[in-house]
Amino acid sequence: MRRIALAAALVLALVAARQRSVRPPNATPTFNRDVVRILQNNCQSCHHPGGGAPFSLMTYGDAFPNRLAIKVMTKSRQMPPWKPVAACGDFVDARGLTPNEIDTILKWIDAGAPEGDPADLPSPLEFSGEWESGEPDLVLSYPQPYTPPASGEDMYRCFPIPANLTADKYVSAVDFKPGDPKTVHHVIAYLDTTGVSAQLDQNEAGPGYKCFGGPGFLPLNATAATLGGWAPGARATTLPDGVAMSLPATARVVLQVHYHVHGGVAEPDTTRIGVYYAKSKPQKLMRIWPIINFLFTIPPNDPNYRVTASYPVTQDAHAVLIAPHMHLLGRKMRVQAALPNGSTECLINIDDWDFNWQGMYRYETPVALPAGSRLSLEAFYDNSSGNVRNPNHPPKSVSWGEETTDEMCIAFLGVTLDAENLK
């Protein structure tokens, strides 16, 4: 009888807990019962102490003073940030609030943002350390901080860093921590197994060397050329099982950092890269195919200038991820594949480009790209005075270039080759 009584008490306790966690019909939402669960599922991965967001949303004390900002950003769907249009590409970890979740947040704020019963709180999420994906297997950075010139001119600086490995490694993910996010425009991690980057570093005073237009050396092959990169808004992306990047033991990881100083104030920067090793030897290595056009000029006062690019697929492959890139005039970009059977595969469609929210988008299922396919890119730029992001007043002609005030038109496609099998 005692066991039956204990079991009954446990059931009643579980039912009571379940009732506390579900909002009764027409009841005013509370933080502890309703809102915190939405924040856990959609926001706290960035909005936690040490995360990439400007403030934490872990507790009621965090959320209440930021309630008006939460209202504006969720109602306008600016948060959580997710730029790809639905129905074009099935991506891992797609972010976005449902209409019901937005309605719950708005009702909570309009009711005065009540805290609610502490007994309704779920178990808090835990974020250990400063790296979103946990502590990396390898962290690399240049030994001395570098302060870019405060003249307002952009600076590309390359920092060769020996990996100092005892054996070749396979990499499943990388993460970047810009030392001064206000100044760092983007970062690319090249791999140098030639030693040229070390000589270039020695030839120039201070940490690193100038490297407009590229790292100053030619990668030996497409599978050992880069470990990826970072741009504002980007987060670490883990490759699917069986796919990895190669990191030779003898390589130097060369961080090419693009600095753009704002307001004539430059801070010392020490950008870091965190490297995560694959758990086992992969079956395939990921290569990068650039779909790119660098022969264009956007005329002034054109609010909808079109630029296109294409790339032929010469061997059977699968697309693993895609990373579009434009600068401040960019407004839209669509990438698709014309397949040999006459069908078209939409790879990504961004109809509201924002330089501050770029991403590396991994497909839920790799996309088949048979030989004979053609990848095509279509982008639109707003070079009018109506574009609040336009850096030129009045507008002027803008072409491809490496300055922030120049433009780019490129989509990086991470692919594997069907014929490759490393195991």
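Bear in mind these aren't lab numbers, they're just calculated from the coordinates by the rules spelled out. For clarity, every value in this text was computed on a predicted model and none was experimentally measured. Glycine also receives a Cβ, built like all others from the backbone with ideal geometry; neighbour counts cover every protein chain displayed.
Listed from fewest to most Cβ neighbours within 10 Å, the set Thr344, Thr270 follows the order Thr344, Thr270. A helix-only calculation puts the chain at -4000 deg cm²/dmol for mean residue ellipticity at 222 nm, using -39500 (n - 2.57) for each DSSP H run of at least four residues, averaged over all residues.
Note: relative contact order over segment 155-239, using C-alpha pairs below 8 Å and six or more positions apart, is 50 percent.
The modelled label-to-label distance between Ala205 and Asn100, using points 7 Å beyond Cα along the C-beta direction, is 6.6 nm. Taking 0.36 nm per residue of separation and subtracting the Cα-Cα distance, full extension of the segment from Asn41 to Ala249 would add 71.0 nm.
For the chain, what is the percent of antiparallel DSSP beta bridges, rounded to the nearest 5? Once the DSSP bridges in the chain are tallied, antiparallel ones form about 95 percent. Pairs spanning more than 23 Å between alpha-carbon atoms, out of Lys332/Lys396; Lys83/Lys107; Lys83/Lys396: Lys83/Lys107; Lys83/Lys396. Of the options (i) 23.0; (ii) 21.9; (iii) 24.0, only one is Kirkwood radius over Cα pairs in Å as computed from these coordinates, and that is (iii). Sorting 97-104, 315-322 by their mean Cβ neighbour count within 10 Å, with the most densely packed peptide first, gives 315-322, 97-104. In this calculation the C-beta distance from Lys107 to Ala86 is compared with R0 = 25 Å, giving a FRET efficiency of 0.50.
If you add up the charges near Thr147, with Lys and Arg at +1 and Asp and Glu at -1, over every other residue whose beta carbon is less than 11 angstrom from its beta carbon, what do you get? Taking every Cβ under 11 Å from that of Thr147, the sum is -2. Stretching Ala27 away from Glu132 to a fully extended chain increases their span by 34.3 nm, per 0.36 nm per residue minus the current alpha-carbon distance.
Take the alpha carbon gyration tensor of segment 118-177, find the square roots of its eigenvalues, order them as a ≥ b ≥ c, and report rounded if a/c is under 1.5; if not, report prolate when a/b exceeds b/c, else oblate. Verdict is oblate for segment 118-177. Using a cutoff of 8 angstrom between alpha carbon atoms and counting only pairs six or more residues apart, the relative contact order for the chain works out to 18 percent.
When the Cα gyration tensor is reduced to axis lengths a ≥ b ≥ c, the ratio a/c is 1.5 or higher for segment 226-349, and with a/b not above b/c it is classed as oblate. Shown here for segment 40-128: trypsin sites (Lys or Arg not before Pro) in loop regions (DSSP other than H, G, I, E, B) with at most 15 other Cβ atoms within 10 Å, namely Arg77. Here's the picture: charge each Lys and Arg Cβ at +1 and each Asp and Glu Cβ at -1 in the chain, and of Ala231, Thr98, Gly342 the one pushed furthest to the positive end of that dipole is Thr98.
Near Pro160, once Lys and Arg are set to +1 and Asp and Glu to -1 for all other residues with Cβ below 10 Å from its Cβ, the sum equals -1. Descending by average beta-carbon neighbour count within 10 Å, the peptides 160-173, 347-360 line up as 347-360, 160-173, the highest first. Full extension of the segment from Asp62 to Ala150, taken as 0.36 nm per residue of separation minus the current Cα-Cα distance, would add 28.2 nm.
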